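I have placed the structure first, in the form of structure tokens, so that the comments after it can refer back to it.
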Amino acid sequence: MIRWVCNVTMLFTEVPFLERFERAARAGFRYVEFLFPYGQDVDAIARELEKHHLEQVLFNLPAGRWESGERGIAADPSRREEFAEGVRQAVAIAQRLGVRRLNCLAGRLLPGVPYADQHACLVDNLRRAADHLARHGITLLVEPLNDRDVPGFLLTSTRQAVALLDEVGRSNVKVQYDAYHMQIMEGNLTQTLKAYLPRIGHVQIADVPGRHQPGTGEIRYPFVLQALDEAGYDGWVSLEYVPQGSTEESLRQAAEAGLAALGLPHEG
């Protein structure tokens with residue numbers, strides 16, 4: 001059975017951040033994730049998780065100046081120490097919150113820096129991060145994104161991400177597979193998920209176009225997720241979408257679009 005995750009960065013934005021954990025629990029979720037804890041009151045997050053019997057399953061490593069458009073610094077040779085410090089910071093927070101998966105965004109191509117230097121830096125940083133995380137029992141995830149929403153992003157396909165994992169050569173590094181991004185870049189979701197299932201450590205979903213809830217676009221999520229479940233996937237599936245309407249309405253719509261049969265939590 002699919003273990004559903006509520007991304008509280010994207011969902012329940014009708015209320016302040018710390019109130020979203022209660023909303024997620026009230027809607028029936030047991031697992032949550034968010035993009036970043038940095039700048040948040042981590043002790044307050046821990047209290048909300050405990051109070052509402054929730055498990056935090058994932059967040060991202062620091063990804064640079066997000067509001068300025070940066071989407072990761074792992075491939076920037078001039079920021080190796082910043083990346084390493086971000087890994088240490090993320091691990092400390094992960095231990096406080098009981099998190100066992102951290103996602104790394106590689107970043108955009110850097111103008112004026114040879115691609116070979118960026119790639120070598122990315123591989124080296126991932127190896128070092130994976131070794132540090134392994135000492136704490138944490139899995140490192142690497143996520144490909146589509147280059148329409150994120151022009152110039154370094155990783156844009158599942159095949160490319162898996163090849164990177166092969167080069168990194170660490171057993172605790174897996175792919176974070178976001179079906180929204182991969183539908184845009186490569187399609188063929190069901191076959192790709194089955195082909196690379198042993199290399200996938202986390203799944204996120206939203207519909208295309210618009211990045212709204214399942215049932216608003218072209219992806220047949222009941223078919224895709226049923227196939228994933230039948231193939232033996234034992235990880236999590238996260239709802240990381242922009243709700244069309246209120247979050248509660250979006251969950252009801254996704255359930256009515258066929259995800260109720262797969263155990264999607266929803267109110268009403």
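The number of residues in the stretch 192-217 that are open to solvent by 40 Å² or more (accessible area, probe 1.4 Å), under 13 Å from residue 161 (Cα atoms) and in contact (Cβ under 8 Å) with a residue 40 or more places away in the chain comes to 0. Pairs meeting the criteria (first residue in the stretch 64-75 and within 18 Å of residue 87 (Cβ to Cβ), second residue among the aromatic types (Phe, Trp, Tyr), beta carbons under 7 Å, at least 6 apart or on different chains) are 71/153; 73/83; 74/83. In the stretch 88-117, of all residues being polar (S, T, N, Q) and more than 17 Å from residue 165 (Cβ to Cβ), the one that is least open to solvent (accessible area, probe 1.4 Å) corresponds to 89. Candidates 168, 173: the one that is among the hydrophobic types (A, V, I, L, M, F, W, C), surrounded by fewer than 22 Cβ atoms within 10 Å (Cβ to Cβ) and free of Cβ contacts under 8 Å to residues at least 60 places away in the same chain is 168.
Scanning the stretch 152-179 for residues that are more than 22 Å from residue 5 (Cα to Cα), in contact with a Pro (Cβ under 9 Å, 6 or more places away or on another chain) and β-branched (Val, Ile, Thr) gives a single hit, 156. Give 91, 142, 123 a once-over and let me know the one that is in contact with a strand residue (DSSP E or B) (Cβ under 8 Å, 6 or more places away or on another chain) and closer than 23 Å to residue 182 by Cα. Result of the check over 91, 142, 123: 142.
With respect to the conditions (1) among the polar types (S, T, N, Q); (2) in contact (Cβ under 8 Å) with a residue 40 or more places away in the chain; (3) closer than 20 Å to residue 241 by Cβ; (4) open to solvent by 30 Å² or more (accessible area, probe 1.4 Å), residue 183 falls short on a single one, namely (2).
The values are calculated or read from the model by the stated rules, or taken from the named source; none is laboratory data. What you see is a predicted model, and the numbers here were worked out from it, not measured in a lab. Counting neighbours? That spans all protein chains shown, and the Cβs are built from the backbone with ideal geometry, glycine included. These accessible areas exclude ligands, DNA and RNA; they are computed on the full protein's heavy atoms, side chains included. Shrake-Rupley method; radii C 1.70, N 1.55, O 1.52, S 1.80 Å.
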